[in-house]
Amino acid sequence: HYIDRLPEIPFSAHLSVNIVGKSVRLVYQEGKLIKVFDKNDVEQELISEYEELSDIDGLEYAEIRGVICSDKFIAFDFVGEDVEFDTKQELYDYLEELGFEVPLYWIVDDLTKVTLRTELSGIVSDCEIELTADEEQGISGYPYETNGLIFTLNDTEKCKEIGLFNDFDMSAIVL
């Protein structure tokens, strides 16, 4: 059971929108976009939809992972030399500083296994309200197609402690 894998002490959760789109990895070397791979590690042509992503000063080598949705690249992960993040929120902030759009996300502090069991449905409902259009109030809703929320720990060390299983992050779950 997912909740049983979570820490015994209070923790912060990171919830983000799971965006439907084409999964890609952008590979940068010396600040230049040199390759694009799809989720099956098949190299893609460097076509016009990637042109706006071509230069990032100061990156010796990096991979930025994300999805293409509505002709837009939305980044959700970064792997680079000598760059580590203490929290998922720091990772998203860094991606935004590099000029990438990230999925809409929320941080929920001071959760425990007990409070998560009782409050999870309310947390998910609060997130869904922000995604839903309300024409009467002039709210347009989230601009990308989604298929759920990704729930994970905000603390990256705690995520590593939970670990991987067959290359799947066991600290995350799609709701």
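The values are calculated or read from the model by the stated rules, or taken from the named source; none is laboratory data. From a predicted model like this one, the values you see are computed outputs, not experimental measurements. Heads up, the Cβs are rebuilt from the backbone with ideal geometry, glycines too, and the neighbour counts pull from every protein chain shown. Heads up: the accessible areas ignore ligands, DNA and RNA and are worked out on the full protein's heavy atoms, side chains in. Shrake-Rupley method; radii C 1.70, N 1.55, O 1.52, S 1.80 Å.
State yes or no: is PHE11 at pLDDT 90 or above, closer than 22 Å to LEU175 by Cβ, open to solvent by 40 Å² or more (accessible area, probe 1.4 Å) and among the aromatic types (Phe, Trp, Tyr)?
Details: at pLDDT 90 or above: yes; closer than 22 Å to LEU175 by Cβ: yes; open to solvent by 40 Å² or more (accessible area, probe 1.4 Å): no; among the aromatic types (Phe, Trp, Tyr): yes.
Against the criterion (at pLDDT 90 or above, closer than 22 Å to LEU175 by Cβ, open to solvent by 40 Å² or more (accessible area, probe 1.4 Å) and among the aromatic types (Phe, Trp, Tyr)), PHE11 does not qualify.
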When residues of the range 45-62 are filtered for being surrounded by 15 or more Cβ atoms within 10 Å (Cβ to Cβ) and either closer than 18 Å to ILE19 by Cβ or at pLDDT 85 or above (or both), how many remain? 4
Subset of the range 94-120, residues surrounded by fewer than 15 Cβ atoms within 10 Å (Cβ to Cβ) and free of Cβ contacts under 8 Å to residues at least 24 places away in the same chain, comes to GLU96, GLU97, VAL114, THR115, THR118, GLU119
Quick test for you: out of ASP38, ASP4, pick the one residue that is at pLDDT 80 or above, on the phi < 0 side of the Ramachandran plot, of a type in the set (Asp, Glu) and exposed (fewer than 13 other Cβ atoms within 10 Å of the Cβ). ASP4
Kindly indicate whether any position in the range 81-100 is modelled with pLDDT of 90 or more, in a helix (DSSP H, G or I), over 18 Å from SER23 (Cβ atoms) and among the β-branched types (Val, Ile, Thr). no
